[in-house]
Amino acid sequence: MIKRVISYGHELICHAIQQGESVVDATCGNGNDTIMLSQATGPNGHVYAFDIQLQAIEQTKTRLEESNSSNVTLIHDGHENVDNYLPKELTGKLAGAIFNLGYLPGSDKQIITTPTHTIAAIDKLIDYLKPEGIIVCVVYYGHAGGNDEKNTLLDHLSSFDQKYFQVLQYGFVNQKNNPPFILAIEKKQTSQK
Ligand code: SAH
C-alpha cells in the first residue's frame, strides 16, 4: 500500500535517526512531531523544537510532560535563528529536521511560515546535517501565501547539487483541495558541506 504523506514523512526521518542523536523540529505547532522525535532520539538524544507562537510552545510543553519526555529544548523563536541555539559541535552530526509549513490549525491563519525564513533555516540546517541525515518538509499550501512558499521552496531545492544532495518530492496528484506533500533533502556521503 502507498504510504500516506504524514506517515511517509515520519518513516523517512525515523530511518535517518539513531537513539542518542540530535534532531530539530523547526515548527513544533501542536507538538505531534516533537513527541515522535523525542521517542526516536531517546533519553540520550536531544530535540531542539522551535515555534514563534507561545501557544504552540505551551501546548507542546504540556504534551511532552504528559508523555514524560525530558530530552527536548523548546525554543520560542524563529527557525531562521537555528544557529543561535544549536551547539557548534553538532555541525555534521545532526540526524534530521522536520518542518510543517503553513498555519497552526485552530489558530491565527495569518501566522504562517514564510519562504524567506524557511529557506534561511534549511540552508543553515544542511551545514549541521550528518551524511545521510534528512530534512523533511511537509508542505501545506492551500492557504493565502502557501503557493508562493511552495514555489519558492521548489525552485530553491531544485538548485541543490545532485552530487551532494538528493531532493525528493512525494505526494498524491489526484487528491482535491491542495493536499500536503513532502519535500525531503538527504545529504549524501560525498557532501562537501
Ligand atoms: N499546516 C500544518 C501545521 C503547520 S504549523 C497542519 O495543518 O498540520 C506551522 C507552525 O509554524 C505554527 O505553529 C507557526 O507558529 C510556526 N511558525 C511560523 N513561522 C515560524 C518560524 N519562522 N519559526 C518557527 N516556527 C514558525
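The values are calculated or read from the model by the stated rules, or taken from the named source; none is laboratory data. The structure presented is a predicted model; accordingly, all values stated were derived computationally and were not measured. Glycine also receives a Cβ, built like all others from the backbone with ideal geometry; neighbour counts cover every protein chain displayed. These accessible areas exclude ligands, DNA and RNA; they are computed on the full protein's heavy atoms, side chains included. Shrake-Rupley method; radii C 1.70, N 1.55, O 1.52, S 1.80 Å.
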Criterion first (in a helix (DSSP H, G or I) and either surrounded by fewer than 19 Cβ atoms within 10 Å (Cβ to Cβ) or in contact (Cβ under 8 Å) with a residue 40 or more places away in the chain (or both)) does THR27 satisfy it?
no
Checked pairs for segment 65-89, first more than 17 Å from ASP33 (Cβ to Cβ), second open to solvent by 40 Å² or more (accessible area, probe 1.4 Å) and among the basic types (Lys, Arg), C-beta under 9 Å and 6 or more apart or across chains, list as GLU80/LYS124; ASN81/LYS124; ASP83/LYS124; LEU86/LYS124
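What are the residues in segment 54-78 that are within 13 Å of the ligand (Cβ to nearest atom) and either touching a Leu at 6+ places or on another chain (Cβ under 7 Å) or farther than 19 Å from ALA121 by Cβ (or both), if any?
Correct list: LEU54, GLN55, ALA56, ILE57, GLU58, GLN59, THR60, HIS76.
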Count of residues meeting criterion [of a type outside the set (Phe, Trp, Tyr), more than 13 Å from the chain's Cα centre (by Cα) and more than 15 Å from VAL173 (Cα to Cα)] in segment 1-10
2
For LEU168, are the conditions met, namely being out of contact with any helix residue (DSSP H, G or I) (no Cβ under 6 Å at 6 or more places or on another chain), open to solvent by 40 Å² or more (accessible area, probe 1.4 Å) and assigned to a strand (DSSP E or B)?
yes
Can you tell me how many residues in segment 53-101 are out of contact with any Ser or Thr (no Cβ under 9 Å at 6 or more places or on another chain) and of a type in the set (A, V, I, L, M, F, W, C)?
5
Considering each of ASP161, ASP127 in turn, give the residue that is away from the ligand (no atom under 16 Å from the Cβ), open to solvent by 10 Å² or more (accessible area, probe 1.4 Å) and out of contact with any helix residue (DSSP H, G or I) (no Cβ under 9 Å at 6 or more places or on another chain).
ASP161
Inside segment 43-60, the number of residues satisfying the requirement of being of a type outside the set (Val, Ile, Thr) and buried (at least 17 other Cβ atoms within 10 Å of the Cβ) is 9
For segment 68-113, name all the residues that are open to solvent by 40 Å² or more (accessible area, probe 1.4 Å), within 22 Å of LYS188 (Cα to Cα) and of a type outside the set (Asp, Glu).
LYS88, THR91, LYS93
For ILE185, indicate whether it is away from the ligand (no atom under 14 Å from the Cβ), touching a residue at least 60 places away in the same chain (Cβ under 8 Å) and either in a helix (DSSP H, G or I) or open to solvent by less than 20 Å² (accessible area, probe 1.4 Å) (or both).
yes
Please go through segment 103-144 and give me each residue that is closer than 17 Å to TYR170 by Cβ and either assigned to a loop (DSSP other than H, G, I, E, B) or of a type in the set (S, T, N, Q) (or both), ordered by number.
TYR140, TYR141
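Matching residues to (1) farther than 30 Å from ASP148 by Cβ; (2) at pLDDT below 95:
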site	(1), (2)
SER22	yes, no
GLY31	no, no
THR34	no, no
ILE57	no, no
ASN100	no, no
SER107	no, yes
